[in-house]
Amino acid sequence: MRYKLEFLPLWLLVRGIGMLPRPLARAVGITLARLVYLAHPKLRRVGRRNLELAFPKKTKAERSRILRAVFTGMGRQLAEFCLFPKYTKENVKTVAIHDGFENFEAARQRGKGVLLLTGHFGGWEVGSFAHSLYGFPIKIVVRDLDNPLIDDLVRRYRTLHGNSTFDNREFARTLISSMRAGDTVGILMDTNMTPPQGVFVDYFGIAACTASGMARVALKTDAAVLPAFTIWDPDLKRYRIQFEPALTLIRTGDAEADAIANTALFTKALEKCARRHPDQWLWVHRRWKTRPPGEPALY
């Protein structure tokens with residue numbers, strides 16, 4: 001019963017926004033996100049602290065502007081998510097366009113699988129969904145949501161056009177088999193981890209505990225690792241699914257050192273995007289929560 005009571009308002013929200021024309025849906029989503037910004041001081045505190053750590057030279061006003069823009073972006077993506085059932089092969093270009101598709105195609109043609117290195121930027125849900133509508137479904141690594149009814153709803157929307165998901169608890173086994181099959185898998189690699197799954201690498205000049213599994217699988221399978229970010233373009237009023245050239249893996253013959261070095265390489269690609277589009281990364285996550293032994297907490 002508790003799950004049903006939690007699910008009902010979300011279902012009504014998703015269906016309600018999904019029935020609106022896109023401009024109105026976006027306006028409603030952005031308004032809701034801005035209300036969340038005002039109503040949740042903890043999220044604001046985490047966001048402000050992260051921005052202080054990452055951009056110590058920016059003014060308080062600049063960091064506040066960035067944080068407000070992040071919530072605007074989350075609201076916009078909420079609206080797009082609710083509208084997923086309306087999107088088709090015929091109208092997907094009004095939602096998102098490819099930028100650097102030749103990089104994805106070159107990686108795919110290698111035939112050893114493609115690992116899309118990405119994070120919580122702009123419209124991360126929109127990017128994978130639109131990519132499937134363009135005819136290139138991918139596998140997505142997810143963590144099951146606590147409410148099974150909400151989890152089912154989100155999963156159904158994500159997989160409407162050929163995408164599939166697998167639980168992060170099956171990460172290594174499923175990822176290796178997917179690469180050997182030549183599949184494409186999207187991995188959000190910008191969240192805080194804990195040892196032994198995570199290793200400490202530099203992120204904005206601060207040690208950040210980061211998942212090393214992607215690097216280990218890439219080294220084992222020789223899959224292409226392609227930075228991929230879905231960024232909102234305010235001039236076009238749509239998203240750009242940006243594929244950068246595949247990264248060159250570091251191989252010294254020391255398996256553990258190479259795993260850490262490539263995890264650092266991948267994280268540097270994420271930082272580059274966050275610096276380029278600071279108003280489109282999810283700063284409200286406690287990215288530096290796990291600290292190296294002996295270091296004080298940052299939150």
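When Leu133, Leu149, Leu145 are checked against the criterion of being at pLDDT 85 or above and surrounded by fewer than 17 Cβ atoms within 10 Å (Cβ to Cβ), Leu149 stands alone in meeting it.
Step by step: first the residues of segment 239-270, then only those that are part of a helix (DSSP H, G or I) and in contact with a strand residue (DSSP E or B) (Cβ under 6 Å, 6 or more places away or on another chain), then the one that is farthest from Leu188 (Cα to Cα). Which residue is that?
Keep residues of segment 239-270 that are part of a helix (DSSP H, G or I), which gives 255-270.
Filter once more, so that each one left must be in contact with a strand residue (DSSP E or B) (Cβ under 6 Å, 6 or more places away or on another chain): 260, 263-264, 266-267, 269.
Numbers: Ile260: 17, Thr263: 13, Ala264: 15, Phe266: 11, Thr267: 11, Ala269: 12 Å.
Among residues in segment 239-270 that are part of a helix (DSSP H, G or I) and in contact with a strand residue (DSSP E or B) (Cβ under 6 Å, 6 or more places away or on another chain), the one farthest from Leu188 (Cα to Cα) is Ile260.
As a summary of the residue check, Arg180 satisfies the conditions (1) among the charged types (D, E, K, R); (2) in contact with a Lys or Arg (Cβ under 9 Å, 6 or more places away or on another chain); (3) free of Cβ contacts under 8 Å to residues at least 24 places away in the same chain except for the one numbered (3). Note on segment 187-212: residues that are among the charged types (D, E, K, R) and either surrounded by fewer than 23 Cβ atoms within 10 Å (Cβ to Cβ) or not in a loop (DSSP other than H, G, I, E, B) (or both) amount to 1.
Does Val154 satisfy the criteria of being under 23 Å from Gly75 (Cβ atoms) and either buried (at least 22 other Cβ atoms within 10 Å of the Cβ) or in contact with a strand residue (DSSP E or B) (Cβ under 6 Å, 6 or more places away or on another chain) (or both)?
Values: under 23 Å from Gly75 (Cβ atoms): yes; either buried (at least 22 other Cβ atoms within 10 Å of the Cβ) or in contact with a strand residue (DSSP E or B) (Cβ under 6 Å, 6 or more places away or on another chain) (or both): no.
The answer is no for Val154.
Here the condition is being on the phi < 0 side of the Ramachandran plot and modelled with pLDDT of 95 or more; of Leu8, Leu67, it holds for Leu67 alone. Mind checking which residues of segment 192-212 are touching a helix residue (DSSP H, G or I) at 6+ places or on another chain (Cβ under 9 Å) and at pLDDT below 95? Once the filter is applied, which keeps residues that are touching a helix residue (DSSP H, G or I) at 6+ places or on another chain (Cβ under 9 Å) and at pLDDT below 95, segment 192-212 yields only Gln197.
What helices (runs of 4 or more DSSP H) lie completely within segment 68-184 and have 1 or more residues being under 21 Å from Ala269 (Cβ atoms) and charged (D, E, K, R)? Outline the logic, then answer.
Working: elements: 101-109, 124-133, 148-158, 171-180.
Output list reads 101-109, 124-133.
Looking across segment 226-240, just one residue is β-branched (Val, Ile, Thr) and surrounded by fewer than 24 Cβ atoms within 10 Å (Cβ to Cβ), and that is Ile231.
Ser164: more than 22 Å from Ala259 (Cβ to Cβ) and among the hydroxyl-bearing types (Ser, Thr, Tyr), yes or no? Before the answer, list the steps.
On the way: more than 22 Å from Ala259 (Cβ to Cβ): yes; among the hydroxyl-bearing types (Ser, Thr, Tyr): yes.
Here the answer is yes, as Ser164 does meet what is asked.
Whenever a residue of segment 79-93 is surrounded by 12 or more Cβ atoms within 10 Å (Cβ to Cβ), its partners that are not in a helix (DSSP H, G or I), lying with C-beta atoms within less than 7 angstrom and at least six residues away or across chains, give the pairs Glu80/Val95; Glu80/Gly123; Phe84/Leu160; Pro85/Leu160; Tyr87/Val95; Val92/Tyr134.
Tell me, yes or no, whether segment 60-71 has at least one residue that is among the hydroxyl-bearing types (Ser, Thr, Tyr) and either in contact with a Phe, Trp or Tyr (Cβ under 6 Å, 6 or more places away or on another chain) or under 30 Å from Met214 (Cβ atoms) (or both). No - not one qualifying residue is present in segment 60-71.
The values are calculated or read from the model by the stated rules, or taken from the named source; none is laboratory data. Just so you know, these numbers come straight off a predicted model, no measurement behind them. Please note: Cβ atoms are built from the backbone with ideal geometry, for glycine as well, and neighbour counts cover all protein chains shown.
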